[in-house]
RNA sequence: CGGGGUGUAGCGCAGUUGGUAGCGCACCGCGUUUGGGACGCGGGGGUCGUAGGUUCGAAUCCUAUCACCCCGACCA
């Protein structure tokens with residue numbers, strides 16, 4: 001039975017997504033087109049994702065800093081490919097202090113340019129390298145069409161910007177971030193499995209040498225780019241004169257990288273796990289992991305139940321993120337519904353009958369309805385919940401992984417491809433050109449999501465050109 | 001930027017041939033309720049998106065304008 005206010009996924013997936021965002025109170029639209037208000041529940045999820053990322057970013061040797069929101073337009077113009085890539089979606093400030101500005105300022109769509117200009121000042125010698133900095137910031141890209149979290153005009157993200165002495169070092173950094181930070185958080189914290197690999201030239205970041213990405217599969221079979229890591233080569237170093245003196249007194253340009261993930265991850269989280277009853281959150285990113293709903297009729301029962309709840313939850317502090325829902329103006333059914341819609345992994349109900357039997361009713365969100373409800377002895381409840389949280393985390397990952405595998409297809413030729421790409425990812429030998437990619441996109445809406453790191457040893461026949469090749473590509477329609 | 005749609009109470013909507021604004025939910029009060037979205041009674045809440053015009057009179061007709069939503073081309 002579908003919940004009030006939530007469109008079924010198989011009826012209208014897109015509307016289902018909007019309904020989840022609305023009903024789970026993750027965000028709402030504001031007076032500015034494309035700019036959303038992130039509500040407390042949505043923001044709390046972001047904080048958990050952010051903390052997991054921040055921890056890993058720091059563990060891998062980076063430090064946080066902050067660069068300005070406004071960037072002189074001339075900075076943006078310095079890297080040719082970069083300007084071209086971002087120009088259409090940049091917002092400019094042309095007036096301030098009651099007068100026209102001599103030089104327009106752009107609201108950062110990303111910060112390579114202003115950070116490049118800064119690094120040029122900071123870096124003198126090989127002893128200054130590497131520079132390993134991250135910033136948490138908001139950025140703005142004036143998109144034509146927006147959707148909460150997936151594509152908003154303003155979004156929150158982190159952007160790492162590093163400078164290195166050698167290409168090899170920059171490349172290692174780029175890949176390390178992709179694997180040890182991004183894929184690790186998305187898979188192990190958000191329970192969303194990803195494909196990892198290289199982007200084709202067509203899909204590469206404007207101004208980068210190489211772009212790597214992780215791609216997650218949504219429940220409608222479409223891909224969501226969940227994170228990108230760019231080896232910028234010496235492109236920005238040349239544009240901004242980021243140079244250093246080597247140990248043997250030569251002048252060299254730095255090799256830089258940049259990498260980012262955004263609040264879009266919340267969109268991935270929603271579309272990977274949630275169901276027709278509402279949001280489903282993996283415990284590690286659930287702001288509330290356990291909600292306790294006391295049930296009582298009389299004052300006497302209320303006292304007894306609340307006493308039991310206090311005792312049972314006494315050792316939960318610092319161990320689980322939990323909430324006791326003791327609102328007395330709402331029925332049990334209403335509360336059950338509300339917490340389900342909001343994705344709380346475990347709900348515990350304790351009423352007079354439980355007090356008599358020494359039990360508690362424990363419901364798990366990943367298995368809706370009666371199937372996921374069990375009566376558990378109050379003795380050992382804490383341990384039960386601890387292991388149940390782990391189990392839910394694992395179940396969600398396994399389920400998403402299975403879905404991803406079941407919806408990744410091979411295709412023998414283009415006709416086969418067209419049919420398969422309607423249903424999910426298609427993994428094929430691909431020897432085509434950029435023009436071929438354009439054509440495929442025009443005809444099927446699918447693009448190369450990644451050239452996976454795991455490339456075949458043996459040659460195969462390109463599904464499009466028929467030529468033999470060793471290059472394997474994953475195609476999909478994407479968000 | 002093209003196509004479509006909507007602006008009336010916090011939210012969702014109704015409003016007939018133009019006659020001075022209503023319903024449901026939510027909210028407030030009181031009482032009864034609580035093991036899967038409780039119920040009764042009483043109550044508060046509106047420049048009808050904005051600006052002009054037609055008219056004795058406009059939510060309703062006309063013009064302009066703004067905003068938002070949805071569908072396509074571009075994108076973290």
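The values are calculated or read from the model by the stated rules, or taken from the named source; none is laboratory data. This one's a predicted model, so the numbers in the text were calculated from it and none came from an experiment. Here the Cβ is made from the backbone with ideal geometry for all residues, glycine too, and neighbour counts use every protein chain on show.
Just to check your reading of the model, which residue among A:390, A:354 is under 27 Å from residue A:188 (Cα atoms) and either within 16 Å of RNA strand B (Cβ to nearest atom) or in a helix (DSSP H, G or I) (or both)?
Every option except A:390 fails the conditions.
Give the residue, chosen from A:343, A:333, A:260, A:278, that is within 9 Å of RNA strand B (Cβ to nearest atom) and either in the same structural domain as residue A:189 (by TED's automatic domain parsing) or modelled with pLDDT of 95 or more (or both).
Result of the check over A:343, A:333, A:260, A:278: A:260.
Would you please name the residue that is surrounded by the fewest Cβ atoms within 10 Å (Cβ to Cβ), looking only at residues in segment A:1-14 that are within 11 Å of RNA strand B (Cβ to nearest atom) and at pLDDT 85 or above?
In this case the residue turns out to be A:14.
I want to confirm something. Restricting to segment A:23-40 and keeping residues that are near RNA strand B (Cβ under 9 Å from one of its atoms) and free of Cβ contacts under 8 Å to residues at least 24 places away in the same chain, which single residue is nearest to residue A:279 (Cα to Cα)?
A:30
Out of everything in segment A:245-269 that is out of contact with any helix residue (DSSP H, G or I) (no Cβ under 8 Å at 6 or more places or on another chain) and assigned to a loop (DSSP other than H, G, I, E, B), what residue ends up being surrounded by the most Cβ atoms within 10 Å (Cβ to Cβ)?
A:250
Please specify each residue of segment A:28-69 satisfying the condition of being at pLDDT 90 or above and either closer than 22 Å to residue A:146 by Cβ or outside the structural domain of residue A:138 (by TED's automatic domain parsing) (or both).
Those that are at pLDDT 90 or above and either closer than 22 Å to residue A:146 by Cβ or outside the structural domain of residue A:138 (by TED's automatic domain parsing) (or both): A:38, A:39, A:40, A:41, A:42, A:43, A:45, A:46, A:49, A:50, A:69.
Residue by residue, here is whether (1) loosely packed, with under 13 Cβ neighbours inside 10 Å; (2) touching a helix residue (DSSP H, G or I) at 6+ places or on another chain (Cβ under 6 Å); (3) not in a helix (DSSP H, G or I) holds:
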{"site": "A:42", "(1), (2), (3)": "no, no, no"}
{"site": "A:48", "(1), (2), (3)": "no, yes, no"}
{"site": "A:53", "(1), (2), (3)": "no, yes, no"}
{"site": "A:56", "(1), (2), (3)": "no, yes, no"}
{"site": "A:66", "(1), (2), (3)": "yes, no, yes"}
{"site": "A:82", "(1), (2), (3)": "no, no, no"}
{"site": "A:86", "(1), (2), (3)": "no, no, no"}
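Looking at segment A:7-40, which of its residues are farther than 20 Å from residue A:287 by Cα, in a loop (DSSP other than H, G, I, E, B) and in contact with a strand residue (DSSP E or B) (Cβ under 7 Å, 6 or more places away or on another chain)?
The answer is A:30, A:35.
Specify which of the listed residues (A:442, A:446) is more than 23 Å from residue A:228 (Cβ to Cβ) and within 16 Å of RNA strand B (Cβ to nearest atom).
Just one listed residue meets the conditions, A:442.
Take residue A:291 and decide whether it is within 13 Å of RNA strand B (Cβ to nearest atom), assigned to a strand (DSSP E or B) and closer than 19 Å to residue A:370 by Cβ.
yes
What strands (runs of 3 or more DSSP E) lie completely within segment A:113-204 and have 2 or more residues being under 30 Å from residue A:395 (Cβ atoms) and touching a strand residue (DSSP E or B) at 6+ places or on another chain (Cβ under 7 Å)?
A:154-164, A:194-198
Could you pull out the residue among A:373, A:418 that is within 16 Å of RNA strand B (Cβ to nearest atom) and closer than 15 Å to residue A:446 by Cβ?
A:418
Of the numbered conditions (1) in a loop (DSSP other than H, G, I, E, B); (2) assigned by TED's automatic domain parsing to the domain that holds residue A:133; (3) closer than 24 Å to residue A:279 by Cβ; (4) without any contact (Cβ under 8 Å) to a residue 60 or more places away in the chain, residue A:4 satisfies every one except a single condition; which is it?
Failed condition: (2).
Can you go through A:361, A:272, A:304 and tell me which one is more than 10 Å from RNA strand B (Cβ to nearest atom), surrounded by fewer than 22 Cβ atoms within 10 Å (Cβ to Cβ) and either in a loop (DSSP other than H, G, I, E, B) or touching a residue at least 12 places away in the same chain (Cβ under 8 Å) (or both)?
The conditions single out A:304.
In segment A:307-333, which residues are assigned to a helix (DSSP H, G or I), out of contact with any helix residue (DSSP H, G or I) (no Cβ under 7 Å at 6 or more places or on another chain) and over 21 Å from residue A:277 (Cβ atoms)?
Hits for segment A:307-333 are A:307, A:309, A:310, A:311.
Any idea which of A:51, A:19 is more than 26 Å from residue A:334 (Cβ to Cβ) and without any contact (Cβ under 8 Å) to a residue 60 or more places away in the chain?
Among A:51, A:19, only A:51 is more than 26 Å from residue A:334 (Cβ to Cβ) and without any contact (Cβ under 8 Å) to a residue 60 or more places away in the chain.
So, in segment A:454-472, how many residues would count as being closer than 20 Å to residue A:434 by Cα and not in a strand (DSSP E or B)?
Looking only at that region, the number is 9.
Are any residues in segment A:424-460 within 14 Å of residue A:222 (Cα to Cα) and out of contact with any strand residue (DSSP E or B) (no Cβ under 7 Å at 6 or more places or on another chain), and if so, which ones?
Selection gives A:444 alone.
Only one residue in A:236, A:205 is crowded, with 19+ Cβ neighbours inside 10 Å, more than 21 Å from the chain's Cα centre (by Cα) and within 28 Å of residue A:78 (Cα to Cα), so which one is that?
A:236
Condition test on residue A:431, is it without any contact (Cβ under 8 Å) to a residue 60 or more places away in the chain, more than 14 Å from RNA strand B (Cβ to nearest atom), farther than 19 Å from residue A:196 by Cβ and in a helix (DSSP H, G or I)?
It is false that residue A:431 is without any contact (Cβ under 8 Å) to a residue 60 or more places away in the chain, more than 14 Å from RNA strand B (Cβ to nearest atom), farther than 19 Å from residue A:196 by Cβ and in a helix (DSSP H, G or I).
Taking into account only those residues within segment A:404-422 that are touching a strand residue (DSSP E or B) at 6+ places or on another chain (Cβ under 7 Å) and surrounded by 15 or more Cβ atoms within 10 Å (Cβ to Cβ), which is nearest to residue A:350 (Cα to Cα)?
In this case the residue turns out to be A:404.
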